[in-house]
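Here the structure comes first, spelled out in structure tokens, and everything after it is commentary.
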Amino acid sequence: MKKLIYGIGIALLCSGCDDFLEEYSQSQTVAKEVSHFDEVLLGDGYLPAVNRKYISSDQAGFINVLDDDVTTVNSSGLAPLYWSGCMQSMFGYYAWQLEVGRNPAGNVLLDDSQTYTDFYRRIHVANVILKEIDEISVVDPKEELERSRVKGECHFLRASLYFTLVNLYGKAYDKATASTDLGVPLKLTEYVEHDKEQKTQFERTPVAKIYEQIVLDLKTSIDYLTESPQTRPLHRASKEAAQLLLSRVYLYMQDWKNAASLAQELLENDIRLYYMSAKNAEKIFLTEDNTEVLFSQGSMNYYNGLTGSRGDFAVAEELVQLYDPNDHRRHFFEKNEETSAYALKNKFDNIAIPHVSNNFSLRIAEAYLNLAEAYAMMDETENANHYLRLLRESRIEQYAHIDYTGEQLVEEIRLERRREFCFEGHRWFDLRRYAVCEKYPFSKSIRHDFNVYDDNQNAWERVDTYVLDENDPAYVMQLPKSVLEYDEEQMPENPRNKRGPVSEDE
């Protein structure tokens, strides 16, 4: 019996999957074998690597301009037209505006829904495959194993997409309030729900329930990918990638025991840290040849890097100064000769379509720091110091470890996460979860300077400074405008306020 994939006919016809799909009707498409679903998943489930000339607002490309590791150049002069125009497109994110699509002058509102709508489209693809793939007849045990692998990848992808969505548009997971804090809509069905009698079609699911589903999906993924191991690692989900992501999820939930258990289980079979040295430090760090990269999907937003030029973003000097002089990771940064600001160099491959994403990669180093943090929070000081030391020994020449205890140990681990994962999509989410951590909570105020240019976007006029206060509501992004206004009765908003530049004495 022919099985139908509902709702992705257009996507399939555009995905370049040759002729393996046959038309069933003008609006429906038929998949006949498990391999067909595998092709659909690759084309429309995974985030594609797209040629990015600059930081993009889709695939959550904006996430690294939200935190305290990025700044701009505070100096007068001329800025290239292209660069200043691109920085203005990120203004609403960088300055934590109520409407992130609004330009500095306030007279243009760009679409702010690209990440949200694209992620839900890919979630829908996973939902459809999970519903339909079990009804395909298989010819041999090999194809049955292939079916298990595809299902494992679907569960992994759905979990990873929901994890990003809930951490962008919902509050950080707080044990005391997660059951009532509003997250994002949870959709697990393969069909499009619509009841014309209801004024509201979509509801925001509590953060706790979203996390519950993420955990369930990742556990299920691990089971399937244990039964049928991934034979095409790096750009396809694997058991190891699911274990590491689940360890991170438990870390966010402050479930220290399970976070440590998953990371420990991973490292029992895979300890391939990439050891930096003077010989290889100036090479590009995150490429597909880096042995510690487990998984990557999506684009890399630093094709031109954070250049440190006038009119562009730069690496915050506060971050650069955190690295020991013998830390080989200092080679990730280089001073711009014209402005003396720091540019991002050597961490990511700057080819047009890279092999490793800056936001959606998983690598072994995280397991070490997940273990260090989880053990520190459980007061297992010796174990925490052990994994912190191992990570630092792989990055710092002639590293001599000092055993830390208590809050100082936790602070050192948090600093190490900042150093290790800068511009990889971790810092913003980490700042959010530190603020609600029951043990050793931490929140900080962030200042972002924005250069204002004349109407030709060339001659510098002034610097406007924007401040994100400790525990500011803007640590939670507003839902896209089109989503809020979709229903007759508007979906509940996140309580963000309009934000203007502060005066010099603030």
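The values are calculated or read from the model by the stated rules, or taken from the named source; none is laboratory data. Please read these numbers as outputs of a predicted model, since none were measured by experiment. Please note: Cβ atoms are built from the backbone with ideal geometry, for glycine as well, and neighbour counts cover all protein chains shown. Areas reflect the complete protein model, heavy atoms only, side chains present, ligands, DNA and RNA absent. Shrake-Rupley method; radii C 1.70, N 1.55, O 1.52, S 1.80 Å.
If you consider only alpha-carbon coordinates, what radius of gyration and Dmax does the chain have, in Å?
23.0, 74
If you average the sequence gap of Cα pairs under 8 Å that are 6 or more apart and divide by the length of the chain, what percent do you get for the contact order?
Working: 938 pairs, mean separation 100.4, N = 506.
Result for the chain is 20 percent.
Give the long-range amide H neighbours of Arg499: residues separated by 5 or more places, or on another chain, with amide H under 5 Å away, using H modelled in the peptide plane at 1.01 Å from N.
Amide H to amide H, under 5 Å and 5 or more residues apart or across chains, Arg499 pairs with Leu98.
Across 10 Å bins from the origin, how do the percents of Cα pairs in the stretch 168-303 run, short distances first?
Pair shares across the bins are 10, 28, 31, 21, 7, 2, 0.
Tell me, what % of the accessible area of the chain is carbon and sulfur with a 1.4 angstrom probe? Present the calculation step by step, with values, prior to reporting the outcome.
Details: 10220 of 21570 Å².
Of the solvent-accessible surface of the chain, carbon and sulfur hold 47 percent.
Report, to one decimal in Å, the Kirkwood hydrodynamic radius for the stretch 89-153 based on all distinct Cα pairs.
On the way: mean 1/r = 0.0661 Å⁻¹.
The Cα-based Kirkwood calculation yields 15.1 Å.
Determine the distance separating the Cα centre of the stretch 263-314 from the Cα centre of the stretch 101-159; give it in Å without decimals.
25 Å
What distance in nm separates the two pseudo spin-label positions at Phe442 and Asn280, each 7 Å out from Cα along the beta-carbon direction?
2.9 nm
Name the long-range amide H neighbours of His401: under 5 Å, sequence gap of 5 or more, or other chain; modelled H, no Pro or chain starts.
none
Expected output is a single nm value to one decimal: the length gained when fully extending between Asp379 and Glu488, i.e. 0.36 nm times separation in residues minus the C-alpha distance. What is it? Walk me through the intermediate numbers first.
Details: separation 109, 0.36 × 109 = 39.24 nm, distance 5.11 nm.
That works out to 34.1 nm of additional length.
Just how large is the dipole of the stretch 252-403 about the Cα centre, in debye to the nearest 20, putting +1 at every Lys and Arg Cβ and -1 at every Asp and Glu Cβ?
On the way: 14 positive and 25 negative charges, 87 e Å.
In debye, rounded to 20, the stretch 252-403 gives about 420.
Beyond 15 Å, what percent of the Cα pairs of the stretch 237-298 remain? Walk me through the numbers on the way to the answer.
Values: 1102 of 1891 pairs.
For the stretch 237-298, the fraction of Cα-Cα distances above 15 Å is 58 percent.
Which value, in Å², gives the accessible area per residue of the chain when a 1.4 Å probe is used on the protein heavy atoms?
Result: 43 Å² per residue.
Counting every Cα pair in the stretch 367-506, what percent are over 17 Å apart?
Taking all Cα-Cα pairs of the stretch 367-506, the fraction more than 17 Å apart is 72 percent.
Where nothing but the Cβ of Lys and Arg (+1) and of Asp and Glu (-1) is charged, how large is the charge dipole of the chain around its Cα centre, in debye to the nearest 20?
The calculation lands at about 260 debye.
Around Tyr342, which amide H atoms from residues at least 5 apart in sequence, or from another chain, sit under 5 Å from its own amide H, with H modelled in the peptide plane?
Val315, Asn336
If the chain between Val467 and Thr226 were fully stretched, how many nm would it gain, using 0.36 nm times the residue separation less the Cα-Cα distance? Show your work: numbers first, answer last.
Numbers: separation 241, 0.36 × 241 = 86.76 nm, distance 4.70 nm.
Value of the extension gain: 82.1 nm.
Relative to the Cα centre, what is the charge dipole magnitude of the stretch 373-506, using +1 at the beta carbon of each Lys and Arg, -1 at the beta carbon of each Asp and Glu, and rounding to the nearest 20 debye? It would help to have the intermediate numbers written out before the result.
Values: 18 positive and 31 negative charges, 63 e Å.
It comes to approximately 300 debye.
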